[in-house]
1. Quick check on my filter: what residues within the range 7-44 are assigned to a strand (DSSP E or B), more than 10 Å from the ligand (Cβ to nearest atom) and either under 14 Å from the mean Cα position of the chain (by Cα) or hydroxyl-bearing (Ser, Thr, Tyr) (or both)?
2. Could you check, for the range 73-96, whether at least one of its residues is hydrophobic (A, V, I, L, M, F, W, C), at pLDDT 95 or above, open to solvent by 30 Å² or more (accessible area, probe 1.4 Å) and not in a helix (DSSP H, G or I)?
3. Yes or no: the range 1-16 includes at least one residue that is under 17 Å from MET112 (Cβ atoms) and of a type in the set (A, V, I, L, M).
4. Note down all Cβ pairs under 6 Å where the first residue falls in the range 9-24 and is farther than 16 Å from GLU142 by Cβ, the second is open to solvent by 30 Å² or more (accessible area, probe 1.4 Å) and in a strand (DSSP E or B), and they're at least six residues apart or on different chains.
5. Open to solvent by less than 10 Å² (accessible area, probe 1.4 Å) and closer than 30 Å to TYR89 by Cα - does that describe any residue in the range 20-28?
6. Name the residue, out of ALA59, ALA53, ALA47, that is surrounded by fewer than 16 Cβ atoms within 10 Å (Cβ to Cβ), at pLDDT 95 or above and either within 14 Å of the ligand (Cβ to nearest atom) or among the β-branched types (Val, Ile, Thr) (or both).
7. Looking only at the range 97-108, filter to residues that are open to solvent by 20 Å² or more (accessible area, probe 1.4 Å) and not hydroxyl-bearing (Ser, Thr, Tyr); which one of those is nearest to the chain's Cα centre (by Cα)?
8. List pairs: first residue in the range 95-107 and among the aliphatic types (A, V, I, L, M), second residue in a helix (DSSP H, G or I) and open to solvent by 10 Å² or more (accessible area, probe 1.4 Å) anywhere in the structure, Cβ distance under 8 angstrom, at least six positions apart or on different chains.
Amino acid sequence: MRVGIGYDSHRLVAGRPLVLGGVHVPYEKGEQGHSDGDALIHAVIDALLGACAREDIGAHFPPGDPRFAGISSRVLLRETSKIVRQAGYRPVNVDCTVILQTPRLRPFVAGMRENMARDLELEAGSVSVKAKTAESLGPVGEGLAVEAHAAALLETL
Ligand code: MG
């Protein structure tokens with residue numbers, strides 16, 4: 001068994017979609033980023049890569065690479081699932097926390113879990129997403145950014 005942790009944050013700006021766990025969340029602002037800016041999936045990718053010691057998201061999907069411009073982060077997650085398996089492991093479970101002041105994410109959590117479970121070939125019961133606010137504190141609490149943390153457990157194939 002191997003465990004990994006991941007973290008990501010993205011600035012929220014007008015004119016961008018807000019995509020978390022592959023779910024488009026209706027909101028006036030979205031994540032700045034080279035891909036679709038899905039901070040939750042980016043944190044999960046880093047947790048998975050960390051667990052099998054295969055560097056990080058930037059090493060596999062460089063932000064300057066035109067192949068990844070505007071790409072759905074779910075494509076990157078499926079690619080990461082392959083990297084994990086090539087390293088000789090498979091995911092057992094993933095646990096995440098996403099921190100966003102507004103809008104409230106609870107109605108979207110089931111969809112996020114289903115999307116990420118499908119991409120990782122897991123049951124939705126093995127992917128947990130916890131949504132919190134920042135209690136109005138700091139840049140996340142002021143609605144300037146979204147933040148995500150993730151842990152992933154792998155087992156040997
Ligand atoms: Mg990111």
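1. Matches in the range 7-44: VAL19, LEU20, VAL23, HIS24.
2. yes
3. No, the range 1-16 contains no residue that is under 17 Å from MET112 (Cβ atoms) and of a type in the set (A, V, I, L, M).
4. So the pair list comes out as PRO17/HIS24.
5. yes
6. Numbers: ALA53 fails: either within 14 Å of the ligand (Cβ to nearest atom) or among the β-branched types (Val, Ile, Thr) (or both); ALA47 fails: surrounded by fewer than 16 Cβ atoms within 10 Å (Cβ to Cβ).
ALA59 is the lone residue from the list that is surrounded by fewer than 16 Cβ atoms within 10 Å (Cβ to Cβ), at pLDDT 95 or above and either within 14 Å of the ligand (Cβ to nearest atom) or among the β-branched types (Val, Ile, Thr) (or both).
7. Filtering first and then ranking leaves ILE99.
8. The qualifying pairs are ILE99/VAL140; LEU100/VAL140.
The values are calculated or read from the model by the stated rules, or taken from the named source; none is laboratory data. All values derive from a computational prediction rather than experimental measurement. When we count neighbours, we look across all protein chains shown, and the Cβ atoms used for this are built from the backbone with ideal geometry, even at glycine. Heads up: the accessible areas ignore ligands, DNA and RNA and are worked out on the full protein's heavy atoms, side chains in. Shrake-Rupley method; radii C 1.70, N 1.55, O 1.52, S 1.80 Å.
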